[in-house]
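Single-structure report; data block below.
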Amino acid sequence: MTDPQETPAGLTEVRFRSDVTVELVKSSAADADVLFAARVSTAGEQSLAEVGSDAERSAGLINYLMRDRHGSPFEHNSFTFFVSAPIFVFREFMRHRAGFCLAGDTVIALENNSGLRYTTIADLYRRWHVGVDDQMSESRGGVTWNERAARWQAQAGYQGKNHHLGLFENRVEAETAVATFRSENPPTRRRLLASAKRNQVRCFNEETLRPQRARILDVIESGAKPLLRLETETGLVLRCSKDHSIFTPDGWRKAGELAAGDYVFGAGFAGVPSQATVPPSLRSGIGVWTSMQRNRLIGPVDRCYRCGDLFDRDELVLDHVVPVAEDLKRALDLDNLAPCCADCHRQKTNLEQALANRGGKTAAAVPHRLVLVEDDGVEMTYDLSVEGPWHNFLANGIVVHNSYNEESGRYRRLEPVFYLPGADRKLVQQGKPGRYVFVDGTAEQQKLVDEATRAVCTSAYRAYLEMLEARVAREVARGVLPVSIYSSMYATCNARALMHFLSLRTKREDSAFPSFPQREIEMVAERMEEVFAEAMPLTYAAFNRNGRVAP
């Protein structure tokens with residue numbers, strides 16, 4: 001439904017919707033695709049004649065493939081959907097992909113100016129999205145006799161304040177009041193950590209193989225998926241989905257394409273030559289040339305390539321990513337220059353100088369030989385989205401690709417259509433984080449949501465248009481728009497990827513791995529599921545029969 005909204009004079013009408021649009025644009029998907037793919041290896045071209053000849057046998061084969069996680073036969077088909085929804089719904093699409101997934105116990109290398117520290121990706125997800133237990137001191141206070149009132153006085157301290165609980169005729173009643181207060185105000189609470197969203201990961205320059213840092217954009221729970229176990233002769237172990245991209249000497253390769261004997265890049269050390277081979281006069285000339293590129297290569301506000309933070313131009317220097325002494329041919333290479341803040345430049349320079357007179361070793365991505373690649377069960381999986389230019393991070397010591405690069409309205413003006421929750425949208429959440437139950441809101445809450453949403457969206461779009469009229473770049477102006485603005489996309493997937501998506505973005509009691517999706521993304525998923533059930537009824541039945549876990 002749409003609802004016109006008055007806007008300031010001269011502005012395009014702002015419109016509000018409370019629905020999503022999901023349309024099947026085209027498809028080439030049927031149960032026969034699965035059957036043919038499964039039988040072609042044994043029956044060859046004759047398998048075409050067998051497809052559909054025995055419905056019971058066909059259903060049994062599809063169920064067997066689903067149950068035993070033989071995934072590839074479900075990939076020889078295609079659905080293309082047109083989706084119109086608020087941008088925050090597309091963020092939920094981004095969180096769930098068919099591949100690019102790591103086991104929850106995968107150790108991620110986080111980095112700041114103090115050095116490296118490590119955490120599992122599942123724990124990072126919990127701290128990022130759910131929160132942590134905040135340990136606080138026990139409630140203080142207790143029961144005392146109040147001479148003036150001739151009563152037992154109950155009080156308890158909590159979060160730095162003293163709470164007077166009343167005066168009682170007997171001690172038992174006073175002690176009961178204190179006990180009740182403490183049970184209702186436990187010393188442990190759940191809180192989100194803002195600091196978790198300032199984390200940076202160790203990543204690697206894919207040209208120089210030298211380490212640097214990348215800011216984490218999101219931590220993603222990607223659903224239960226089949227995993228591979230990769231082991232190297234140096235003892236590195238990585239458990240990931242078959243589609244996850246691994247950095248190798250031959251470029252990026254899928255984990256499912258690798259075999260024992262192949263090489264993957266992982267953490268290690270590379271030799272650093274002595275800087276004594278660079279004459280002082282030459283080094284001085286290189287320094288002068290580098291300083292001349294400063295205004296050209298550093299923006300008025302730019303990002304340090306090592307720590308990822310933003311700084312004014314006068315707080316940044318141009319740094320040779322690959323040191324001059326290490327590769328003199330890159331001394332005058334513009335692509336080898338990057339903005340660097342004072343702290344990071346000092347840290348990097350100190351390390352280089354410590355090695356200058358004697359050579360030595362520095363951290364780098366180096367090849368590790370695989371000795372084992374094997375299936376490793378089905379588990380809940382996770383991934384990271386990290387900022388560029390190098391979309392990779394270190395997982396259990398192996399360099400892997402991040403999951404997603406988001407598109408946005410950089411090239412056209414976004415239309416003034418915003419999401420407004422309908423009257424049937426449950427507004428109040430109850431229960432523990434990650435296990436919420438949503439219930440209906442009051443009439444007052446519904447009115448507040450309606451009025452605040454309309455006012456904020458109208459004001460934001462007005463500011464957006466004013467910046468565009470002032471010739472501010474679209475990619476800058478869009479920053480004021482809320483995530484409730486509508487956008488459109490084409491989503492293409494095969495049945496296997498669609499089942500992965502449905503397993504995480506629908507709430508069903510018969511799911512082997514329960515999911516608690518946001519209602520708006522569930523609305524999209526439900527419509528996609530209707531299309532899937534109609535196009536591939538045998539596959540859809542097997543999906544439900546086996547706990548709604550994709551093969």
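The values are calculated or read from the model by the stated rules, or taken from the named source; none is laboratory data. The shown structure was predicted, so the numbers you read here are calculated from the model rather than taken from an experiment. Please note: Cβ atoms are built from the backbone with ideal geometry, for glycine as well, and neighbour counts cover all protein chains shown.
The conditions of being loosely packed, with under 15 Cβ neighbours inside 10 Å, modelled with pLDDT of 85 or more and β-branched (Val, Ile, Thr) are not met by Val317. Beta carbons closer than 8 Å, at least 6 apart along the sequence or on distinct chains, pair a first residue in region 465-489 that is within 28 Å of Val20 (Cα to Cα) with a second that is polar (S, T, N, Q) and part of a helix (DSSP H, G or I) for Ser484/Thr453.
Within region 365-384, residues that are at pLDDT below 90 have Cβ atoms under 6 Å from residues that are part of a strand (DSSP E or B) and polar (S, T, N, Q) in these pairs: Thr381/Ser222; Asp383/Ser222, counting only partners at least 6 apart in sequence or on another chain. Elements of the type helices (runs of 4 or more DSSP H) sitting completely within region 459-546 and holding at least 1 residues that are in contact with a helix residue (DSSP H, G or I) (Cβ under 8 Å, 6 or more places away or on another chain) and over 26 Å from Ala32 (Cα atoms): these cover 474-477, 495-505, 519-535. Please determine whether any residue of region 449-468 is surrounded by 13 or more Cβ atoms within 10 Å (Cβ to Cβ), outside the structural domain of Arg69 (by TED's automatic domain parsing), over 29 Å from the mean Cα position of the chain (by Cα) and among the β-branched types (Val, Ile, Thr). Within region 449-468, one or more residues are surrounded by 13 or more Cβ atoms within 10 Å (Cβ to Cβ), outside the structural domain of Arg69 (by TED's automatic domain parsing), over 29 Å from the mean Cα position of the chain (by Cα) and among the β-branched types (Val, Ile, Thr). Number of residues in region 224-250 that are surrounded by 21 or more Cβ atoms within 10 Å (Cβ to Cβ) and among the basic types (Lys, Arg) equals 2. Within region 495-549, the set of residues being under 14 Å from Asn63 (Cβ atoms) and in contact (Cβ under 8 Å) with a residue 40 or more places away in the chain comprises Met499, Met536, Pro537, Leu538, Thr539, Ala541, Ala542, Phe543, Arg545, Asn546, Arg548, Val549. Restricted to strands (runs of 3 or more DSSP E) entirely inside region 208-287, those with at least 1 residues that are in contact (Cβ under 8 Å) with a residue 40 or more places away in the chain and in contact with a His (Cβ under 7 Å, 6 or more places away or on another chain) are 211-232, 245-248, 251-254, 263-272. For region 206-223, filtered to residues that are polar (S, T, N, Q) and more than 18 Å from Asp309 (Cβ to Cβ), the residue that is surrounded by the fewest Cβ atoms within 10 Å (Cβ to Cβ) is Thr208. Scanning region 130-177 for residues being at pLDDT below 85 and either in contact with a Gly (Cβ under 8 Å, 6 or more places away or on another chain) or of a type in the set (Asp, Glu) (or both) gives a total of 13.
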